[in-house]
Amino acid sequence: MRHIISVLMENEAGALSRVAGLFSARGYNIESLTVAPTEDATLSRMTIVTTGSNEVIEQITKQLNKLVDVIKMQDLSDGDHIERELMLVKVRAATGEQREEMKRLADIFRGRIIDVADKTYTIELTGPGSKLDAFLDALDAGAILETVRTGASGIGRGDRMLKI
Amino acid sequence: MAELELTGAEIVIRCLHAEGVEYVFGYPGGAVLNIYDEIYKQKGFTHVLVRHEQAAVHAADAYSRSTGKVGVALVTSGPGATNAVTGIATAYMDSIPMVVITGQVPTAAIGQDAFQEVDTVGITRPCVKHNFLVKDVKDIAPTIKKAFYIAATGRPGPVVVDIPKDITQHSCTFEYPETISMRSYNPTSKGHAGQIKRAVQMLLEAKRPVIYTGGGAVLGNAAAPLAEMARDLGYPVTSTLMGLGGYKANDPLFLGMLGMHGTYEANMAMQHCDVLIAVGARFDDRVIGNPKHFAKEARRIIHIDIDPSSISKRVKVDVPIVGDVGQVLEEMNRLLKASSERPEQAALKAWWAQIELWRAQDCLKYDRSSAMIKPQYVVEKLYEITQGQAFVTSDVGQHQMWAAQYYKFDEPRRWINSGGLGTMGVGLPYAMGVQLAHPDAMVACITGEGSIQMNIQELSTCKEYKLPIKVILLNNGYLGMVRQWQEFFYEERYAESYVASLPDFAKLAEAYGHVGMRIEKPEDVEPALRRAFTEHKDQLVFMNFITDPRENVYPMIPAGKGLSEMILV
Ligand SMILES: Cc1cc2nc3c(=O)[nH]c(=O)nc-3n(C[C@H](O)[C@H](O)[C@H](O)COP(=O)(O)OP(=O)(O)OC[C@H]3O[C@@H](n4cnc5c(N)ncnc54)[C@H](O)[C@@H]3O)c2cc1C
Ligand SMILES: Cc1ncc(C[n+]2csc(CCOP(=O)(O)OP(=O)(O)O)c2C)c(N)n1
Ligand SMILES: [Mg+2]
């Protein structure tokens, strides 16, 4: 089962490597991992997407909690939550027809063209991972020159919060 | 009055004084020279100069195992730190509280492939409870405070503090924090009241109960409440290798060690019980074998552990209790006393009758009429002569198992060995840490000719600090534990398990300034041991017992098999 886990930790040098090291040492999967400081610069917030049986997820949760730098964590998949991911795609846009088509597709997916060059467009798209996948599927494979994705960030809905 | 500024090196020393450290086990080098210069000037603790950094960490670890206090080691950067890693990992696997201070190259040189630079924090990260790189002299005191706090609380473990050389030169005012609180680290010690109640109820309903205790009962100093519970209920007790001494081995309720080389009665009881209470034990693969076979029969499991990640890791449990064993057992004992219910005595009687049948197998019997010295006999005699009062350290291999099976530990913290990592070479440095902590105690190191050579240089340290350790070498000429596996599982292909051209250990011991003996006949075992503990009481005696090279450790459960698939003698 896929789980999306939020971790609030001390914003200390090496904190990220402790989490990454834990996953590799114990053989847990990491589908994606994002991290940045929060509004309180002493805190880092991390979102980890992983897969595993219930037993494995239980161990992951316990092992993350055991890290001395981890303050709190939450398995977002346990309740209502929102996930968003950012993707930048560079596409071929050389001819008028190609430019037209890319613009149209970007609009449909509520993407934005953020860089325009002679032969390429770069499109910015946010949404759940499935939407980003759908956008890539909709593009002609030959038109995709480069993609970069951040991995998911997640937050609980309504009163569900991960705060100290 | 302007506050006095101290250098980082002075601050390190002051912190160790504030922590009440008695011994620092260490080895100098460039990156820690400032610290050593301050050690030269101070009197608060004794620095013990070992002959290899690995031994410094093992000695600090054993100091901790035998006292319950935090052990301290100090090593230089680069090779000093890498030599320390085996010691750190050994302590980590057995949850031993320790602070290891490592020197680091100056901050400006970090990342430059500087002389004797290694990424100590990176290398040790997977085998420490936590580690720190100190980047500012002002952080030294709070970091060391945190290090001791983290090492000793919750599930204990080693903490590394890496200090670059320039930081030990810089100065600032010194104040040692009196208390520490960390928002990210708050271990629980009190168990959940509702779970404790459920556990007590379950224990009272048991028809075929077993108490399975482990290293946590020793680490948590819970021998008294454990004994109280077992005696109050009259339930059988078994212990892991790490828990030995946590419950009196001579008590009739005690079934001996369980697991791969555990007793028949302990393993059969584990396999057939209906209620199992695990007390600071972690269902290790050497203990329960294959979890699939282990969970065969319907049973309910209560598990007390301070580390939630130990619970339901290998075996699903019914009543998890996260907390300190001592506190939880005391609470359970209170509820048991207050309850009017008692376990069903007829069922318990039948259960004990069954256990006695298993016990009658006498699984630890061995050939007592052999013309060769049997290793088991040596351990039995050691037990008799020391009247069970010695601290016994061991190395890793067959001799370790014989020590565990035949020396009956009646008190916690007397049996000092490496269970989790199984590190050959710990025996002698362990004995050093123990002897320094308990100068008047009898300390025996039971070892093999393979293991002892992994840290034999420490005989020199023993001379320097006048440590009257009794080294009991069970010399079978083989890497015996390896040989045993090759005999059982590799059709007797003894690949590289025979150690040719061993040194003359007696002469070697003499060369280091100690007493050496070579004992070849069974009838000479007892007199040799007696002489060692009387005539040579104050000296290190190295006893080279030439033992039966083909002796095996029984019972044995082959790796991956279930508890009832024991190979008996
Ligand atoms: C050659 C060899 C053969 C071996 N054969 C056997 C064998 O036959 N039988 C055997 O038992 N072992 C054997 N071992 C040892 C084995 O590898 C494990 O080290 C050992 O079984 C683990 O013991 P334990 O379960 O008591 O856990 P430990 O490693 O001692 O762990 C202690 C547990 O207690 C918890 N704890 C710590 N402090 C507290 C506290 N205050 N309150 C509550 N919980 C606490 C910890 O979180 C941890 O889960 C062998 C080792 C070697 C090298
Ligand atoms: C550092 C290290 N290397 C290898 C091993 C694997 N090993 C386990 S027991 C053993 C043999 C030990 O031989 P010896 O010390 O003579 O003890 P014996 O089994 O003969 O009693 C070996 C090689 C280990 N545990 N530790
Ligand atoms: Mg041997």
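The values are calculated or read from the model by the stated rules, or taken from the named source; none is laboratory data. Bear in mind that the values here come from a model prediction, so they are computed numbers and not experimental data. Cβ atoms come from the backbone with ideal geometry, glycine included; neighbour counts cover every protein chain shown. What goes into the accessible areas is simple: the full protein's heavy atoms, side chains included, and nothing from ligands, DNA or RNA. Shrake-Rupley method; radii C 1.70, N 1.55, O 1.52, S 1.80 Å.
Conditions tested, residue by residue: (1) within 14 Å of chain A (Cβ to nearest Cβ); (2) assigned to a strand (DSSP E or B); (3) not charged (D, E, K, R).
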| position | (1), (2), (3) |
| --- | --- |
| B:Ala278 | no, yes, yes |
| B:Ala281 | no, no, yes |
| B:Arg286 | no, no, no |
| B:Lys292 | yes, no, no |
| B:Ala298 | no, no, yes |
| B:Ile302 | no, yes, yes |
| B:Arg314 | yes, no, no |
| B:Val317 | yes, no, yes |
| B:Ile321 | no, yes, yes |
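Suppose the filter is within 16 Å of ligand 2 (Cβ to nearest atom) and open to solvent by 20 Å² or more (accessible area, probe 1.4 Å); does B:Leu253 pass it? No. Across region B:152-167, a minimum of one residue is classified as more than 11 Å from chain A (Cβ to nearest Cβ), aliphatic (A, V, I, L, M) and in contact with a Pro (Cβ under 6 Å, 6 or more places away or on another chain).
State whether one or more residues within region B:137-153 are closer than 29 Å to B:Gly220 by Cβ and part of a strand (DSSP E or B). No, region B:137-153 contains no residue that is closer than 29 Å to B:Gly220 by Cβ and part of a strand (DSSP E or B). If the condition is being within 13 Å of ligand 2 (Cβ to nearest atom) and either among the hydroxyl-bearing types (Ser, Thr, Tyr) or in a loop (DSSP other than H, G, I, E, B) (or both), then region B:407-440 contributes B:Asn417, B:Ser418, B:Gly419, B:Gly420, B:Leu421, B:Gly422, B:Thr423, B:Met424, B:Gly425, B:Val426. Among the residues of region B:366-393, write down those that are closer than 17 Å to B:Asn552 by Cα and not in a loop (DSSP other than H, G, I, E, B). Hits for region B:366-393 are B:Ile373, B:Pro375, B:Gln376, B:Tyr377, B:Val378, B:Val379, B:Glu380. Are any of the residues in region B:61-68 within 16 Å of ligand 1 (Cβ to nearest atom), on the phi < 0 side of the Ramachandran plot and within 14 Å of another protein chain (Cβ to nearest Cβ)? There is no residue in region B:61-68 that is within 16 Å of ligand 1 (Cβ to nearest atom), on the phi < 0 side of the Ramachandran plot and within 14 Å of another protein chain (Cβ to nearest Cβ).
Filtering region A:1-51 to residues that are at pLDDT below 95, open to solvent by 50 Å² or more (accessible area, probe 1.4 Å) and within 11 Å of chain B (Cβ to nearest Cβ) leaves A:Glu12, A:Ala13.
Of the strands (runs of 3 or more DSSP E) lying entirely inside region B:451-569, the ones with 1 or more residues being within 16 Å of ligand 3 (Cβ to nearest atom), of a type in the set (S, T, N, Q) and buried (at least 20 other Cβ atoms within 10 Å of the Cβ) are found at B:470-475, B:541-546.
For region B:416-441, the candidate set comprises residues that are closer than 19 Å to B:Ala509 by Cα and not β-branched (Val, Ile, Thr); within that set, the residue that is farthest from ligand 1 (Cβ to nearest atom) is B:Gln435. Residues being touching a residue at least 60 places away in the same chain (Cβ under 8 Å) and over 21 Å from the mean Cα position of the chain (by Cα): count how many of those fall in region B:256-291. Summing the residues that are touching a residue at least 60 places away in the same chain (Cβ under 8 Å) and over 21 Å from the mean Cα position of the chain (by Cα) in region B:256-291 gives 14.
What are the residues in region B:185-216 that are more than 28 Å from the chain's Cα centre (by Cα) and assigned to a loop (DSSP other than H, G, I, E, B), if any? The answer is B:His192, B:Ala206, B:Lys207, B:Arg208.
Within region B:105-133, restricting attention to residues that are under 20 Å from A:Val19 (Cα atoms) and outside any helix (DSSP H, G or I), the residue that is nearest to the other protein chains (Cβ to nearest Cβ) is B:His130.
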